[in-house]
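Here the structure is laid out as structure tokens; the discussion comes afterwards.
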Amino acid sequence: QRSKRAHGRLQEVVVGDEPTTPGRLNLSIELNAALSQKQFELYYQPIVAADTREVVAFEALVRWRHPTRGIVTPIAFIPTAEETGLIVPIGAWAMREAALQTAAWTRAAGKPVWVSVNISAAQLSEPGFLEHVAQVIAETGVDPTLLKLEVTEGTIIGDPELAAEILTGLRDLGIRLCMDDFGTGYSNLSYLQTLPFDFLKVDRAFVKSMIDRFESRTILRTMMALAQQLELEVVAEGVESPEQADELARLGCHFLQGFLYGKPMPADLAGALVMGTP
Ligand code: C2E
Ligand code: MG
Ligand code: MG
Ligand code: MG
């Protein structure tokens, strides 16, 4: 039995004014319907180069356009999707959609635009995952080096050997890999040493406190030094103020992502940003 994350707790859905909080069973039935009725959408959050502050990339973040509740955040349904295995078809859809968008933006902008997609443990451990990714690359015509997959330490820890095998396979396909939410999980540094990561994304908890807490700046500086030694590029998430952005750039961070540069937004708005039109 290959690793599958089990949270062992019911997920509550708290969205807008909706007073009911359907349990996991209801939610999983609804998620199934949502998938077949094409209610999922990808929003894209801009990522800028720290030196020029130009948009060079996006992180694709799934949204559920619920017929009555409006836009539902992934925090409300990804845990249940992971527990029920529905994250596998949802994630497969997200990757194909993001690959098509990456190829389209890169063609239209006349310059490379890369896109990050989040991957769950259940996807990585799904038999045939590498073949599926290869098929997405072939069918969408995306340049695989522009597709970036984000995984957290939590995804790796369930079965590090399997994760190593799959991540290496992805790297061999040309896909680039990012360690997401770094510093808040297990912070098992051996993963950085042994797994073929290209990027380190420092968790927004450190960014949030970096102006007030010298300890956070020290941790960030240490992560930058580590990344530099291991030849990893660093992305900071949760950048909300110009002070944070300037300090992160000064510390040697390569890419910045956060509300300062834009919230996750529909593809047409994101496309306008990278095309340089208003
Ligand atoms: P994540 O991968 O760490 O994504 C970053 C989250 O931080 C996003 O939340 C984003 O909206 C939020 N964020 C970005 N900038 C700022 C900022 O400046 N301030 C604050 N306070 N927050 C910021 P979102 O879109 O709600 O996604 C939450 C999580 O859901 C993601 O965390 C990711 O773990 C998961 N997720 C989203 N889409 C997918 C998907 O397609 N597949 C999988 N497996 N997980 C997904
Ligand atoms: Mg992410
Ligand atoms: Mg993150
Ligand atoms: Mg996060």
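In table form, for the structure just shown:
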read-out: Test: Val207 is of a type outside the set (Asp, Glu), within 16 Å of ligand 3 (Cβ to nearest atom) and either within 30 Å of Ala108 (Cβ to Cβ) or in a loop (DSSP other than H, G, I, E, B) (or both); value: no
read-out: In segment 266-278, the residues that are open to solvent by 30 Å² or more (accessible area, probe 1.4 Å), among the hydrophobic types (A, V, I, L, M, F, W, C) and either at pLDDT below 95 or not in a helix (DSSP H, G or I) (or both); value: Leu273, Met275
read-out: Conditions (1) at pLDDT below 95; (2) more than 23 Å from Ser120 (Cβ to Cβ); number of the one not met by Val55; value: (1)
read-out: Selection status of Asp212, open to solvent by less than 50 Å² (accessible area, probe 1.4 Å) and charged (D, E, K, R); value: no
read-out: Unique match (being within 16 Å of ligand 4 (Cβ to nearest atom) and aliphatic (A, V, I, L, M)) among Ala138, Ala164, Ala205; value: Ala205
read-out: Extreme residue, farthest from ligand 2 (Cβ to nearest atom), among residues of segment 56-88 that are touching a helix residue (DSSP H, G or I) at 6+ places or on another chain (Cβ under 6 Å) and open to solvent by 30 Å² or more (accessible area, probe 1.4 Å); value: Thr84
read-out: Residues being within 16 Å of ligand 3 (Cβ to nearest atom), out of contact with any strand residue (DSSP E or B) (no Cβ under 6 Å at 6 or more places or on another chain) and open to solvent by 50 Å² or more (accessible area, probe 1.4 Å) - total across segment 140-194; value: 2
read-out: Residue in segment 251-258 that is within 20 Å of the chain's Cα centre (by Cα), open to solvent by 20 Å² or more (accessible area, probe 1.4 Å), away from ligand 2 (no atom under 15 Å from the Cβ) and modelled with pLDDT of 95 or more present; value: yes
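The values are calculated or read from the model by the stated rules, or taken from the named source; none is laboratory data. Predicted model only: the values in this text are computed from it and were never measured. When we count neighbours, we look across all protein chains shown, and the Cβ atoms used for this are built from the backbone with ideal geometry, even at glycine. With ligands, DNA and RNA removed, areas are computed over all heavy atoms of the protein, side chains included. Shrake-Rupley method; radii C 1.70, N 1.55, O 1.52, S 1.80 Å.
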